[in-house]
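Trainee: First the structure, then my questions, so here it is.
The values are calculated or read from the model by the stated rules, or taken from the named source; none is laboratory data. These figures come from a predicted structure and were not determined experimentally. Every residue, glycine as well, gets a Cβ built from its backbone with ideal geometry; the counts of neighbours run over all protein chains shown. Keep in mind that these areas ignore ligands, DNA and RNA; they rest on the heavy atoms of the full protein, side chains included. Shrake-Rupley method; radii C 1.70, N 1.55, O 1.52, S 1.80 Å.
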Amino acid sequence: MATSSNDAAAQLRRLLLALPALEGDRPYRLDEIAAVVGESVETVARDLRTLVTRTGDEPGGFFERIRLLFDADKVQLQANVLSRPMGLTPSELRAIELGLAMLAQEVTPEEAALVERARARIQEVAVAMPERAPHLHAGAEPDPIPARTASFHSGSPTPPSLPIVREAIADGCKAHVRYLAADAEAESERVVRPYGVVFSSGSWYLVAFCEMREDIRIFRLDRIAQVTVLVDQAAEIPEAFSLDDVLKHGRALAREASDVLRIRYAPAIARWIAEHEVGETEADGAFVVNHPLLADRWAVRHALQYGPAAEVLAPQRVREAVAERLRGVLGG
Amino acid sequence: MPPDRSSQKLRRWIDLIVALLRRRQAAAFDEFKGDVPQYATSSAAPESVLRTFERDKDELAAFGVPIEVSADQMGVRRLYRLTPGDFFLPYLELVDAEQVAARKRPRTAPRLETLAFTPDELDLVVRAGRRAQQLGDPRLALDAANALRKIAFDMPVPGPDATESVRVGPQHEDPEILDQIDRALRARKIILFDYHSIARDSHERREVEPWGLVFLARHWYVLGNERAAQSLKRFRVSRMRDLAVNQKAPHTPDFAVPPSFDISAYARWRQAWELGDGDTIEVVVRFTGVANHVAEAAGLGLPVAGAPADRRYEVRNTDAFARWLLRLTGDACPVAPPAFVATWRALVERTVAAYGGAR
């Protein structure tokens, strides 16, 4: 669409929400209407005025037969034909279907049938588009192949513990967890009070108060071997708690890192690193990043995956650990 | 001051929607143009006014307004109709699962059906909408938000869930780019863009038939046939610049997507060592470590008969696989084939050298 069409379409989208909200021939506060539309009072007022404000010889049309009354911060619409919202447009339906397709990957097989039912129900809420005829409906979808899909999968299926953890959160219950941490050789068993789930850096995490550690801990869901909802043990989420507090630097971290892992990435790989990390570019094109450092063993693995293209600059103990690990392989 | 075109168009669109909604039967343009004053009072030639209507109708169809076109007695498709039942949101009702059987009942003004949602269905729809809003695509987020706002006219839609957070980060410096790609996908139009091939660190103009758009793990990708290579490739949207959609013959698709194309088959994350066009080799790795991250890595390989500590991997990119193994140094090492073992050992030696060499 041209710019004028895009602008008009954006206004039409807003007005098809605002006009039904003015149903009933009574005054409404503009901020109430703005809340329904999800826009500012100024934008909604401008949209409504656009409908009735004519310039030159432009005829009044539909809005000549109705009255739109502005009174300070109130507005009233008389003889409103558009008193219901429009059904979901095809693109709105696709957005919900995309979300449902993602949720379908995250629920138990039993719940998958419920997702299908929700999908069927939401399709009934969409406008009934006539049979497609491309020459008559330019811009409409020319064939039924789904053009979009989405997945959080990153090498393995969605962790089966996700729906169970969600159940514990929804029911306000504690959970018993068998967890195998990255560097652990055996599972640990803990009772946790689940506070929320976070998807970050390609993985799902449970944020919970761990009764064993007496502190908030973050558990990668694909490392939870088993989780059981303790239906007879209530768990409250503290009012002051916010998931945002555990998302630091775009990652899920239970606490502030006490140390910094400083790595110099060689020019040959700097552009990959710069795509997702914040750092400094050196004169030769190398890229230096200060990563939050929570565990030395993680730091060694992280640096090694880049081979000679990544060099640990600090702390010295991690630098020595990397070199020591390599020398061990060479028989040194 | 002349009225701006966007405002004129908006008023014309709404007048046209209302004019069509008020008619019970399909009607020819001449029958309802008097209800749309900008058509009725236009000083332009009748053919020009008809073209304006055709453009308005097509743009409203693209927006999602279900204007039905049918043939008149002469067999010419020039009758138009907009049925309230097709256009308006049905009345929505939240009921218990047991009540669903009796969910449809007629209403008046406008006469629409009533659709019942169970609390579980509504919860899923709301969560689906919130999820779509979190994928870093402004257009998708707007569509999802608008869908939820419409549903909220009749049913309670809770605010964002404070116990669930999804972080995927911004996808592109230009928020319009996914919108452009989306329109090209649906109209089947070729897209042209400068692509940063990060492996070669080169920027090249690409001409691609977009067959699908995939959000995978953290990023949006276009799946499409690159015209020059005539092969199906995956392009990360965040690495595209100066994207343009082919403007020639805007109402005619540039290509057809083969019926055999299955977008979900390509929506699979692959390890870096599985990617590439070369032949695969089988690499056998011996595991000695027992920590969980070592077991996870072993789990990506296949068992080797008679050697319980060994796993085998189908590797296409040997350099990437050698680097992947390096992070398991001390817990796993390759044992076959000899050429790969030599590659891996050379990588270890170069890395040691970067830290001052072996003692």
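Trainee: Segment B:208-226: which residues show an accessible-area loss of 40 Å² or more, assembly versus chain alone, 1.4 Å probe?
Mentor: Hits at the 40 Å² cut-off: B:F215, B:A217, B:R218.
Trainee: Carbon-plus-sulfur fraction of the accessible area of segment A:199-327, 1.4 Å probe, in percent? Mind showing how you got there, number by number?
Mentor: Details: 3000 of 6360 Å².
Accessible surface attributable to carbon and sulfur in segment A:199-327 totals 47 percent.
Trainee: Let me ask you something else. Compare each residue of segment A:93-112 in its chain alone against the assembly with all protein chains, and report those whose accessible area goes down by 10 Å² or more; 1.4 Å probe, heavy atoms.
Mentor: For segment A:93-112, once contacts with the other chains are taken into account, A:R94, A:A95, A:I96, A:L98, A:G99, A:L100, A:M102, A:L103, A:V107 lose 10 Å² or more.
Trainee: Each residue of segment A:311-318 in order: what ³J(HN,Hα) in whole Hz does its phi give by Karplus 6.51 cos²θ - 1.76 cosθ + 1.60, θ = phi - 60°, with x for Gly and Pro?
Mentor: Coupling constants for segment A:311-318: 10, 6, 8, 7, x, 4, 5, 6 Hz.
Trainee: Any idea of the accessible area per residue across the protein assembly as shown, 1.4 Å probe, to the nearest Å²? Display every interim value, and only then the final one.
Mentor: On the way: 31930 Å² over 691 residues.
Per residue, the protein assembly as shown has an accessible area of 46 Å².
Trainee: With a 10 Å cut-off between alpha carbons and a GNM built on chain B, which of B:I17, B:I281, B:I263 moves the most?
Mentor: Highest fluctuation among the options: B:I281.
Trainee: Tally up the carbon and sulfur contribution to the accessible surface of chain B as a whole percent, 1.4 Å probe, everything protein left in place. Please list the in-between numbers first.
Mentor: Numbers: 8590 of 17060 Å².
Using a 1.4 Å probe with all protein chains present, chain B comes out at 50 percent carbon and sulfur.
Trainee: Exposed loop sites here are chymotrypsin sites (Phe, Trp or Tyr not before Pro) in DSSP loop states with at most 16 other C-beta atoms within 10 Å. What is the longest stretch of chain B lacking them?
Mentor: Of all site-free stretches, the longest is B:1-254.
Trainee: Could you report the buried accessible area between B and A, both sides summed, computed with a 1.4 Å probe and given in Å² to the nearest 100? Walk me through the numbers before you get to the answer.
Mentor: Details: alone 22880 and 20780 Å², together 31930 Å².
In total, this chain pair buries about 11700 Å².
Trainee: Rounded to the nearest 10 Å², what accessible area does A:V260 have for a 1.4 Å probe in the complete protein model?
Mentor: Near enough 70 Å² of accessible area.
Trainee: Accessible area drop of at least 50 Å² (1.4 Å probe, protein heavy atoms): which residues of segment B:21-38 qualify, relative to the chain alone?
Mentor: Checking the loss per residue gives B:R22.
Trainee: Give me the accessible area of A:E275, 1.4 Å probe, in Å² rounded to the nearest 10.
Mentor: Ignoring ligands and nucleic acids, A:E275 comes out at about 70 Å².
Trainee: Skipping prolines and chain starts, which residues have an amide H placed within reach, meaning under 5 Å, of the one on B:A217, given they are 5 or more residues away or on another chain?
Mentor: Result for B:A217 returns A:S151, A:F152, A:H153.
Trainee: Going Cα to Cα from A:K74, which aspartates and glutamates come in below 13 Å? Please leave out same-chain ones fewer than 8 positions away.
Mentor: Result set, ordered by chain and number: A:D25, A:D31, A:E32, A:E42.
Trainee: Next question. Where a ≥ b ≥ c are the square roots of the eigenvalues of the C-alpha gyration tensor, would you call segment A:75-128 rounded, which needs a/c under 1.5, or, failing that, prolate if a/b is larger than b/c, or oblate?
Mentor: On the way: a/c = 3.32, a/b = 3.17, b/c = 1.05.
Since a/c reaches 1.5 and a/b is larger than b/c, the shape of segment A:75-128 is classed as prolate.
Trainee: Do the sum for the protein assembly as shown: with -39,500 (n - 2.57) for every DSSP H run of n ≥ 4, divided by all residues, what is the mean residue ellipticity at 222 nm, to the nearest 500 deg cm²/dmol? Please report the intermediate quantities before stating the final value.
Mentor: Working: 21 runs with 240 residues, N = 691.
The helix-only estimate for the protein assembly as shown comes to -10500 deg cm²/dmol at 222 nm.
Trainee: Roughly how big is segment B:15-57's charge dipole about its Cα centre, with Cβ charges of +1 (Lys, Arg) and -1 (Asp, Glu), in debye to the nearest 20?
Mentor: For segment B:15-57, the charge dipole is close to 160 debye.
Trainee: Restricting the count to DSSP beta bridges whose residues both fall in the protein assembly as shown, what percent are antiparallel, rounded to a multiple of 5?
Mentor: Values: 92 of 104 bridges.
Here the antiparallel bridges make up roughly 90 percent for the protein assembly as shown.
Trainee: Using only the Cα atoms of segment B:1-67, build the gyration tensor, take square roots of its eigenvalues as a ≥ b ≥ c, and label the shape rounded, prolate or oblate: rounded if a/c is under 1.5, else prolate if a/b is larger than b/c, else oblate.
Mentor: Values: a/c = 1.63, a/b = 1.24, b/c = 1.32.
Since a/c reaches 1.5 but b/c is at least a/b, the shape of segment B:1-67 is classed as oblate.
Trainee: Counting only C-alpha contacts under 8 Å and six or more residues apart, can you give the relative contact order of chain B as a whole percent? Don't skip to the end; give the middle numbers.
Mentor: Working: 462 pairs, mean separation 29.3, N = 359.
Taking the mean separation of contacting Cα pairs over the length of chain B, I get 8 percent.
Trainee: A follow-up question, please. Ordering B:D254, B:D201 by accessible area with a probe of 1.4 Å, largest first, what comes out?
Mentor: Numbers: B:D254 45, B:D201 80 Å².
Reading off the accessible areas and sorting them downward yields B:D201, B:D254.
Trainee: Spelling out what I want: for every residue of segment B:24-30, take phi, set θ = phi - 60°, compute 6.51 cos²θ - 1.76 cosθ + 1.60 (Karplus), and round to whole Hz; glycine and proline get x.
Mentor: 7, 10, 5, 9, 7, 4, 4
Trainee: So which aspartates and glutamates pass the test for B:K57, namely a Cα distance under 13 Å, with those fewer than 8 places away in the same chain ruled out?
Mentor: Counting by Cα, and skipping residues close in sequence, B:K57 has these aspartates and glutamates nearby: B:D15, B:E68.
Trainee: For B:D254, what charge total do you get from the other residues with a beta carbon under 9 Å from its beta carbon, if Lys and Arg give +1 and Asp and Glu give -1? Provide the component values of the computation, followed by the final result.
Mentor: Numbers: positive: B:R188, B:K189, B:K248; negative: B:E209.
Local net charge: +2.
Trainee: Next up: Please give me the summed charge of the neighbours of A:Q305: other residues whose Cβ is under 12 Å from its Cβ, Lys and Arg +1, Asp and Glu -1. Display every interim value, and only then the final one.
Mentor: Numbers: positive: A:R301, B:R323, B:R327; negative: none.
Neighbour charge sum, excluding A:Q305 itself: +3.
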